[in-house]
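Everything on this sheet refers to the single structure shown next.
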Amino acid sequence: MTTTATPTRKTLAWHDISEGDEVTPLEVAITTTMIVAGAIASRDFMPVHHDRDYANKQGSPNLFMNILTTNGYCVRFLTDWAGPEAMVKKLSIRLGVPSFPDDPLRFTGSVTGKTAGTGGENFVEVTFQGANSLGNHVSGTAVLSLLDETSEGGQA
């Protein structure tokens, strides 16, 4: 039997988004396994991302998430909100406090700009942050491309 995966939700339409709209929050449970797997998957073999004893010797209370894993969770936050056909065109982040195991990351954000493009492709700017119990682990801005179903060349 062959099955075809279908998106569980529709991608947001550009014309339905307004400046000031809140992005749906996302909470990510941070585990040791997730931190280690993210480091290995991104080929970041720095021991502070997979060896607790090494991290302790460097002055850290625990191993901590690498920047590439953080980038991945930022993109997940944005596309979980905007939908499966949204494309992240630009991502600018700034790291803050570390992300340690057993301290969830809570992503929040809002729409801070809209720009009409051509051919049905339009852009939304989002400002966001991912915080844990220590403060902001990551903050940044992103530009997402969304189709406008009412524009020529769109999905209508």
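Here the Kirkwood formula, the inverse mean of 1/r across different C-alpha pairs, assigns segment 30-139 a hydrodynamic radius of 15.2 Å. Within the assembled protein chains, the solvent-accessible surface assigned to Met46 is about 90 Å², based on a 1.4 Å probe.
For the chain, lysine pairs separated by 8 or more sequence positions, or belonging to different chains, with Cα-Cα distances below 29 Å total 5. Summary value for segment 1-92: 32 percent relative contact order, contacts being C-alpha pairs under 8 angstrom separated by 6+ residues. Estimated at the nearest 10 Å², the accessible area of Thr115 is 80 Å² with a 1.4 Å probe. Per residue, the accessible area of the chain comes to 56 Å² when a 1.4 Å probe rolls over the protein heavy atoms.
In this structure, Lys90 and Asp51 have a Cβ-Cβ separation that, at R0 = 41 Å, corresponds to a calculated FRET efficiency of about 0.75.
Note on surface exposure: Glu125, Glu27 rank Glu27, Glu125 by accessible area, highest first, 1.4 Å probe. Across segment 3-84, the convex hull enclosing all Cα atoms gives 142 Å³ per residue. Here the chain exposes an accessible surface that is 52 percent carbon and sulfur, computed with a 1.4 Å probe and the other protein chains kept in place.
The sum of -39500 (n - 2.57) across all DSSP H runs of n ≥ 4, divided by the residue count of the chain, sets its helix-only mean residue ellipticity at 222 nm to -6000 deg cm²/dmol. The heavy atoms of Val143 offer some 40 square angstrom of accessible surface to a 1.4 angstrom probe.
Helix 67-82 and the long axis of the chain differ in direction by around 30°, with both axes built from C-alpha atoms.
The values are calculated or read from the model by the stated rules, or taken from the named source; none is laboratory data. Nothing here was measured: the structure is a model prediction, and the numbers come from that model. Cβ atoms come from the backbone with ideal geometry, glycine included; neighbour counts cover every protein chain shown. Please note that ligands, DNA and RNA were not included when accessible areas were found on the heavy atoms of the full protein model with its side chains. Shrake-Rupley method; radii C 1.70, N 1.55, O 1.52, S 1.80 Å.
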